[in-house]
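Computed from the coordinates by the stated procedures, all read-outs in this text should not be read as laboratory data. Quick caveat, the model's predicted, so the values are computed rather than measured. Positions of Cβ are backbone-derived with ideal geometry, glycine not excepted, and every protein chain shown enters the neighbour counts.
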Amino acid sequence: MKKFKPPVAFKIIFSFLIVILIGTFLLALPISSADGKWFSFVDSFFVSTSAVCVTGLTTVDLALHFSLFGKIVVMLLIQIGGLGFVTISSLLFMVFGKKISFEQRLTIKESLNKDDNQGVLKELIKIVIITFVTEFVGFVCLAPSLAIKYGFWDGCFKALFLSISAFCNSGMDLFGTSDNPFAGMSVFSKNVLVLLPVMFLIIIGGVGFVVIYDIIKKRKPKEKKRLSFHSVLVLSITGILVFGSAILFMIFEWNNPLTIGNMNFGQKLVNGFFQSVTPRTAGFSAINQGNLTAASKALTTVLMIIGGSPVSTAGGLKTTTILVLILYMFKMPNKNGALVFRKRTISSNIVNKCLKLFLIMLTTILMGSCLLVVIEGGAFSLSAIIFEVVSALCTTGLTVGITPLLGVGSKLILCLLMFVGRVGLLTFAMLLGRKNKNIEIEYPDSKIIVS
């Protein structure tokens with residue numbers, strides 16, 4: 001009898017699910033709650049899913065609801081979710097001298113979004129080192145400001161939590177108080193020493209490990225080389241998105257007294273840039289998203305859909321996917337279905353992959369929004385629901401304030417969207433899709449009229 005081997009996509013999905021369920025159990029325990037009571041299964045499942053999927057949406061204020069133990073559990077779930085359970089488990093295998101099998105290498109390759117499994121273990125070690133070093137630097141930059149405000153030990157813990165959360169693009173924080181629950185980063189909206197390090201952590205975590213390592217190699221004296229074509233594209237697109245959207249946000253919100261209207265020029269500048277960075281899957285909110293103008297909410301939604309870059313802690317469609325889609329709109333593919341950009345060829349396989357991702361995402365957003373509208377029965381505006389659905393699917397974590405007010409059914413749907421967004425739309429498509437056995441057979445042209 002032939003032994004059943006589950007697909008690689010199933011292993012990745014299952015690993016995330018196991019971590020989420022373990023996190024749900026730990027967060028539901030009385031020891032995790034500040035009041036020493038059991039936490040409801042739905043809410044603990046929601047927070048665990050949000051942490052592992054590095055989204056940031058939450059039904060309770062983390063600072064108020066959880067004990068120190070619960071906060072540590074959430075922080076560890078964010079770290080595991082940012083790196084990926086496959087990465088961490090494989091690293092532990094290596095630490096304890098266990099041999100990594102060929103199947104495990106394939107799983108690592110798939111989780112890192114690589115085309116082949118050559119050098120995946122070295123790639124994995126680089127990712128872990130880059131992650132911990134960056135988070136430590138972020139902690140060092142944030143600790144002084146937070147220690148002054150909250151006291152040494154509490155401030156240092158908040159700084160560590162924030163550094164991990166920012167680099168992993170999670171958007172979770174511990175700044176809520178009984179007077180100001182779900183305060184988020186708004187308590188530091190005028191503090192440059194906190195906002196700037198968080199912005200840089202978000203950007204570094206969002207550009208992708210491949211780009212970070214490429215930059216590090218370029219700075220080595222013996223490594224006299226140019227940045228790869230991929231790195232140049234990612235950095236260029238990231239720069240355009242950050243500066244372009246910052247300018248637009250400042251234009252849209254300049255005179256809005258509910259956001260940045262009453263700030264001075266420097267504060268408006270910093271908050272404009274922060275708002276341009278955080279929607280691309282970070283989810284920190286220095287200003288109340290519900291108070292944004294309609295134009296800013298629309299721009300935020302677009303940025304959430306774009307997301308970060310490949311092989312990073314960010315979600316969304318990814319910057320390179322957006323570039324390919326834009327090129328496809330304005331350029332005609334060659335006879336092989338490929339696109340030419342800057343004297344480089346983008347293969348038809350990549351073009352088709354980007355188109356599939358885009359269509360799957362739009363379909364998922366539409367279905368998720370429709371389900372929430374039906375379940376909530378008109379309790380919230382359509383724009384607020386779409387904002388919430390996009391935020392969950394793109395693992396952003398921004399909200400206009402409706403997350404804690406949603407019903408059980410809506411919360412579970414958002415959990416599913418966060419899970420799909422973190423694991424990857426194409427990973428689910430690979431698992432659910434059927435292989436075409438007749439791919440080599442040519443059939444008559446259908447001659448469908450499409451315009």
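Observations
- For segment 344-393: rounded, prolate or oblate by the Cα gyration tensor [a/c cutoff 1.5]: prolate
- Built amide H within the under 5 Å cut-off of Phe341, gap 5+: Ile346
- Share of pairwise Cα-Cα distances greater than 24 Å in segment 182-317 is 32 percent (whole percent).
- Rounded to the nearest whole Hz, the Karplus-based 3J(HN,Hα) values (6.51 cos²θ - 1.76 cosθ + 1.60, θ = phi - 60°) of segment 230-246 follow the sequence 4, 5, 4, 4, 4, 5, 5, 5, 4, x, 4, 5, 5, 6, x, 6, 4, with x at glycine and proline.
- Semi-axis lengths, Å, segment 17-58, gyration tensor of Cα atoms, sqrt of 5 times eigenvalues: 17, 11, 7
- In Å, descending, principal axis extents of the Cα set of segment 253-331: 43, 28, 22
- Estimated vicinal HN-Hα couplings, Hz - segment 178-183 in sequence order (Karplus 6.51, -1.76, 1.60; Gly, Pro = x): 5, 7, 9, x, 6, 5
- Enclosing the Cα atoms of segment 326-373 in their convex hull gives a volume equal to 77 cubic angstrom per residue.
- Its Cα gyration tensor gives segment 304-392 an equivalent ellipsoid; the semi-axes, largest first and in whole Å, are 33, 14, 10.
- Cα gyration tensor shape for segment 254-405, rounded if a/c is under 1.5, else prolate or oblate: oblate
- Residues whose amide H lies under 5 Å from that of Ser33, counting only those 5 or more places away or on a different chain, are Ser67; hydrogens are built 1.01 Å from N in the peptide plane.
- By the Stokes-Einstein formula, at 1.306 mPa s and 10 °C, segment 120-224 with its Kirkwood radius over alpha-carbon pairs has D equal to 107 µm²/s.
- Think of each Lys and Arg Cβ as +1 and each Asp and Glu Cβ as -1; about the Cα centre, that makes the dipole of segment 297-354 roughly 200 debye.
- Cα-Cα over 24 Å, subset of Lys318/Lys353; Lys11/Lys353; Lys122/Lys356: Lys122/Lys356
- For the residue pairs Lys149/Lys268; Lys126/Lys190; Lys71/Lys149, alpha carbon separations beyond 26 Å are given by Lys126/Lys190.
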